[in-house]
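Where a number appears in this text, it was derived from the coordinates with a stated rule and is not lab data. Every value quoted in this text rests on a predicted model; they were computed, and no experiment measured them. Cβ sites come from the backbone with ideal geometry, for glycine too, and all protein chains shown count toward neighbours.
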């Protein structure tokens, strides 16, 4: 299996359609903004049923501040966005009987919106935390994207359940110099450099009835959402575990327990589900390591760098694993030009 054969994650075009409108509202030409962000690369129109490559999104968000000249462009985009439903998940939020059921549906069907979501709802004491992490290969949390999403989601939840004061907002990125716009648009001063991106709500608000609750419509929409989720090849368990491993390999503990927690499962349940599909966490971990090692060696990286990037603390276990994978040593396969060895 070649490295390129990993199933790529996608996201719906919903956010880009909202972004086109918001950029226009801020006086920015959306077509020109996207063209500049993607350096002239061809970009398909954001069609209603289209799916887009998830891992291409960072190029837009990383370039946006420089293009717009606005250090708080994410917040300001979220401010002018109109929080109307544009997909099945948005309509589910409105049709839910209360905010809890709506957020549970959001978490259940999050990958319809984006394959990179790692969202979950946590309830503890008097607080509820809606974690909204968005992950990308080789890129940390994107400040402008997450600040835009936080403002937009707060507006969407308020539209469904009425005025909703936030108790707090957490971001994984580091604090910018000025926070006045954060306080104005979020109503609180966020905490930065946190483990997760999250909105913190009063737990009692979760039981607030939705203004547009419709049990029958919710049932119909849930069936449609289940169908859409099942059609996403990338959402199959093996693909999601591989993607999680690619994100964390060499930078964070890659254990079955950590993976299960990130995927909203339990250790035993994940182990059983993988076994039922003819695989195991150990086999997938080994596969992702092997493919990364071959790719990095082909790029000319030294053996010690490759071992570290593949999650090996020492060279000897990396050499043993490589011999098992390829029947030889990594030195024998690394290109002579540009390889600087251990």
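Couple of notes before you dig in:
- Extension gain, residue 104 to residue 56: 0.36 nm times the residue separation minus the Cα-Cα distance gives 14.5 nm.
- Helix 14-25 axis versus longest C-alpha principal axis of the chain: approximately 60°, rounded to the nearest ten.
- On the basis of the beta-carbon distance and an R0 of 41 Å, residue 86 and residue 272 show a calculated FRET efficiency of 0.65.
- Estimated purely from DSSP H runs of n ≥ 4, each contributing -39500 (n - 2.57), the mean residue ellipticity at 222 nm for the chain is -15000 deg cm²/dmol once divided by its residues.
- Simple label model, 7 Å out from Cα along Cβ direction - residue 25 to residue 324, nm: 5.5 nm
- Projected label points at residue 314 and residue 230, each 7 Å from Cα along the beta carbon direction, are separated by 4.9 nanometres.
- Helix 57-68 vs. the chain, principal-axis angle (Cα, 0 to 90°, nearest 10): 60 degrees
- C-alpha long axis of helix 315-326 to longest principal axis of the chain, angle in °: 90 degrees
- Over segment 236-342, the reciprocal of the mean inverse Cα-Cα separation, the Kirkwood hydrodynamic radius, stands at 14.5 Å.
- For the chain, the average shadow cast by the Cα convex hull is 19.3 nm², which is a quarter of the hull's surface.
- Computed over segment 3-216: relative contact order in percent, which uses C-alpha pairs under 8 Å that are six or more apart: 23 percent
- A simple spin-label model places the labels of residue 255 and residue 163 4.7 nm from each other, with each point 7 Å out along Cα-to-Cβ.
- As a calculated quantity, the FRET efficiency between residue 265 and residue 286 at R0 = 22 Å, using C-beta atoms, amounts to about 0.60.
- Added length on full extension, which subtracts the Cα-Cα distance from 0.36 nm per residue, residue 36 to residue 178: 48.5 nm
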